[in-house]
Amino acid sequence: MNILLIKPETVGIFSYTYLVEHEPLEMEYLYTVFTAMGHSAVIYDRRYELTPMKKKIREVNPDVICVTGYITQQKLVYRYCEEIKSYRPDIKIILGGSNVEINYENYFGSKADYLYHLSGLENQKKLIRYIEQEKNNGTTAVGESEKIRPEDIAGICYKKDGEWVVNPKVVESPADLPIPDRTYFYKNKNRFRYLCFKPLALVKNSYSCRKKCNFCFCTNRNSGRYACRSVESLVDEIASLDVPAIHITDDDFLIDEDYLKEFIRLIKEKDIHKEYLIYGRADFIAHHEELMKELAGIGLKLIMVGLEATSEEELDSYNKKVTVSENEECIRILSENKIFCAGLFIVHPGMTKEDFKKLYDWIASRDIIPTVSVFTPMQGSAMYKNYEDKMINRDVTKQDLFHCLLQPEHMSVKQFTREYHKLSLRLAFKNRKSELYSKNNYFGAILYIVKVLFIKLRRQIIL
Ligand code: B12
Ligand code: SF4
């Protein structure tokens, strides 16, 4: 079969910058799986490719279209489904990715045929075999004796008599994922970067997280069960990549001391020289100074670390199980080892103007490159149900962690947004000379914004 793999255009603030851009790894995984099954697959990355949807469909003539997407792209994905079905109703549409995995009900109103609500791809292979079997009028694919029924495919939603049927999930392991075919990546590798780290490859090593912070969406993936690949397979994949920088997507890579020691040993043994960007927790960093030193020694350059807040009460309210002194220790250790501390902070509706100022002072007086998010009860996180009724804005495109979705207690939404923007801009200005931003071309950035605006306008007319 011909399969078209759509990575949607970026929505929101991220669309106006090329300073943080990642390869469409989920699409490269699907490409690998489908081509290994003997199908023809094409990646259609709408972040860069301007070919309109219908033209692309004419070119590829797909039997199946797979679409990925985050919560902020949900409305856009609905629009794709409309466009595809109005043009070629025979094409089977499968929706998947992080948001569909948890919030699959959100897509019940779409024109999709299947929703794939798992992280792994074993059942996706089964679904493709089923679609092929149906295309061949119920006869099974060559060499397969067993007939597949939709009710036997775990982790999918499908329609029966016009109603959605939700098959149960299964707990999976990323050890079952193939090593992705990176043909697409190498053709486009100069696009992919995280600020000064470029070209940059993404490597997926785990599902979910062992910790259970109540604002976190990721921890609920894979039915809330953490699973990771063997350290050997991770290092082999890294060794095979012809890039200077690697972003490991694990929500928390700093989980297990023995795993990390083995990681360091293998990287040294294989004489790999690359730079690494990871996510990690402050408490682990605070209690593993020696290990952090060793990780810095093999190339660890940046850790995105959820520092979240500057008081014990706020940290406790997020069920973060980290103390302010652990946060402080973490900042010191990273600074001393020349690892960028990309600290993630949250501003919440209980904050006064004075609190915004205090937060600025706290961050600005420490060696941190911060990103400040607005407290967002993200659909799919544990806390969402506590806030669902209180949300003043239910537009899913605003669940990008940069919008005020709850009524501030001490000011209007407008004032809160102004304080938030002021805080973010002041922090960005303070850090403008950081090495992280050294490769930024600000003139190029302005031209890029203009280009994006034109593309957005054009896509309003021709999708
Ligand atoms: C790297 C990253 C980014 C990168 C972009 C990466 C990219 N390639 O596009 C950047 C930094 C730009 C980014 C931006 C944003 N991100 Co982000 N990001 C991530 C991160 C850390 C990894 C995502 C990734 O590339 N994983 C690698 C791929 C291979 O894994 P995967 O997506 O899970 O895909 C697997 C399966 O889901 C499946 N699959 C995926 N798609 C499909 C489709 C089909 C049809 C099928 C069958 C299967 C399938 O295949 C893969 C095999 O395991 C995740 C957290 C995480 N650990 O997942 C957050 C995450 C995806 N981001 C999130 C968010 C909210 C955003 C933003 C909206 C806001 C923000 N402030 O960050 C923006 C929006 C950008 C946009 N595209 O519009 C949320 C999404 C929540 C949700 N409900 O959708 C996540 C889960 C983090 C969180 N805070 O909870 N992000
Ligand atoms: S916020 Fe980080 S540590 Fe907490 S559950 Fe989510 S991924 Fe894990």
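The values are calculated or read from the model by the stated rules, or taken from the named source; none is laboratory data. This structure is a prediction, so every number in the text was calculated from the model and none was measured. So basically every Cβ, Gly included, is an ideal-geometry build from the backbone, and we count neighbours across all protein chains shown.
Residues satisfying the criterion are absent from the range 22-35 (criterion: away from ligand 1 (no atom under 13 Å from the Cβ) and of a type in the set (Asp, Glu)).
Name, by its number, the condition in (1) within 16 Å of ligand 2 (Cβ to nearest atom); (2) within 23 Å of the chain's Cα centre (by Cα) that does not hold for Lys274. With (1) within 16 Å of ligand 2 (Cβ to nearest atom); (2) within 23 Å of the chain's Cα centre (by Cα) applied to Lys274, the lone miss is (1).
Among the residues of the range 329-362, those that are within 15 Å of Asp283 (Cα to Cα) and either of a type in the set (Lys, Arg) or not in a strand (DSSP E or B) (or both) comprise Glu329, Cys330, Ile331, Arg332, Ile333, Leu334.
Note on the range 357-368: among residues that are in contact with a helix residue (DSSP H, G or I) (Cβ under 8 Å, 6 or more places away or on another chain) and surrounded by fewer than 20 Cβ atoms within 10 Å (Cβ to Cβ), the one that is farthest from Leu334 (Cα to Cα) is Tyr360.
With respect to Leu295, is the statement that it is within 16 Å of ligand 1 (Cβ to nearest atom) and touching a residue at least 12 places away in the same chain (Cβ under 8 Å) true? No.
Against the criterion of being of a type in the set (S, T, N, Q) and within 12 Å of ligand 1 (Cβ to nearest atom), Ser206 qualifies. Scanning the range 413-429 turns up one or more residues that are within 30 Å of Tyr276 (Cβ to Cβ) and basic (Lys, Arg). Among the conditions (1) modelled with pLDDT under 95; (2) of a type outside the set (Phe, Trp, Tyr); (3) not in a helix (DSSP H, G or I), the only one that Leu436 does not satisfy is (3).
Picking from residues in the range 105-122 that are surrounded by fewer than 21 Cβ atoms within 10 Å (Cβ to Cβ) and not in a loop (DSSP other than H, G, I, E, B), the one that is farthest from ligand 1 (Cβ to nearest atom) is Glu105. Per this entry, Pro150 is counted among residues that are surrounded by 12 or more Cβ atoms within 10 Å (Cβ to Cβ) and free of Cβ contacts under 8 Å to residues at least 24 places away in the same chain. Only strands (runs of 3 or more DSSP E) whose full extent lies in the range 219-320 are considered here, and the ones with at least 1 residues that are touching a Pro at 6+ places or on another chain (Cβ under 7 Å), surrounded by fewer than 22 Cβ atoms within 10 Å (Cβ to Cβ) and not aliphatic (A, V, I, L, M) are 275-280.
The set of residues in the range 43-67 being over 19 Å from Tyr116 (Cα atoms), aliphatic (A, V, I, L, M) and crowded, with 16+ Cβ neighbours inside 10 Å consists of Met53, Ile57, Val60.
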